[in-house]
Amino acid sequence: VQLQASGGGLVQAGDSLRLSCAASGRTSSSYTVGWFRQAPGKEREFVAALSVRTIRTAYADSVKGRFAISRDNAKNTVYLKMNSLKPEDTAVYYCAASLVGNYPYVDPGRFGYWGQGTLVTVSS
């Protein structure tokens, strides 16, 4: 499975941005996609996850109510819509996929496939 993340950029605080994660290769109708981020000098942290089959989602407390994860099955793409962005949201965002189970995992160890990161910079 190959994952291609895109949509990052430089925005101002309060703006919105939508990230995309396009999957190709050995995909199926039953997998989980997660978004993680890593800010400079910090560890990678969970942001959101979506079970494509069950549509169950999970969010980090820090983004709950501001970010929304969704999918377009026809395009094999999962989106992360980020609203009311804050400077502390600045990070490299990674998408990842798990082909095991139908649960919105939050543990990065559950994800066996990772895309390249896309940088999101939020200025104050």
Query raised in the report: How do the peptides 29-38, 74-83 rank, highest first, by the average count of neighbouring beta carbon atoms within 10 Å per residue?
Result: 29-38, 74-83
Report summary line: Sorted largest first, the Cα spans of the chain on the principal axes come out in Å as 41, 27, 25
Requested in this report: Could you go through the stretch 97-114 in sequence order and give the Karplus-derived ³J(HN,Hα) for each residue, using 6.51 cos²θ - 1.76 cosθ + 1.60 with θ = phi - 60°, rounded to whole Hz, and x for Gly and Pro?
Outcome: 10, 10, 9, 10, x, 10, 9, x, 4, 10, 7, x, x, 7, 9, x, 10, 10
Query raised in the report: Can you pull the Rg over Rh of the stretch 59-109, Cα-only, Kirkwood?
Result: 0.97
Requested in this report: Taking only protein heavy atoms into account and a 1.4 Å probe, give the accessible area per residue of the chain in Å².
Outcome: 50
Report summary line: Computed over the stretch 1-50, the distribution of all Cα-Cα distances in 10 Å bins, rounded to whole %, is 18, 46, 29, 7
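Roll a 1.4 angstrom probe over the protein heavy atoms and tell me the percent of accessible area of the chain that is carbon or sulfur. Numbers along the way, then the final one.
Details: 2920 of 6230 Å².
C and S atoms contribute 47 percent here.
The values are calculated or read from the model by the stated rules, or taken from the named source; none is laboratory data. Bear in mind that the values here come from a model prediction, so they are computed numbers and not experimental data. Every residue, glycine among them, receives a Cβ derived from its backbone with ideal geometry; neighbour counts consider all protein chains shown. Accessible surface is based on the protein model in full, side chains and every heavy atom, while ligands, DNA and RNA are left aside. Shrake-Rupley method; radii C 1.70, N 1.55, O 1.52, S 1.80 Å.
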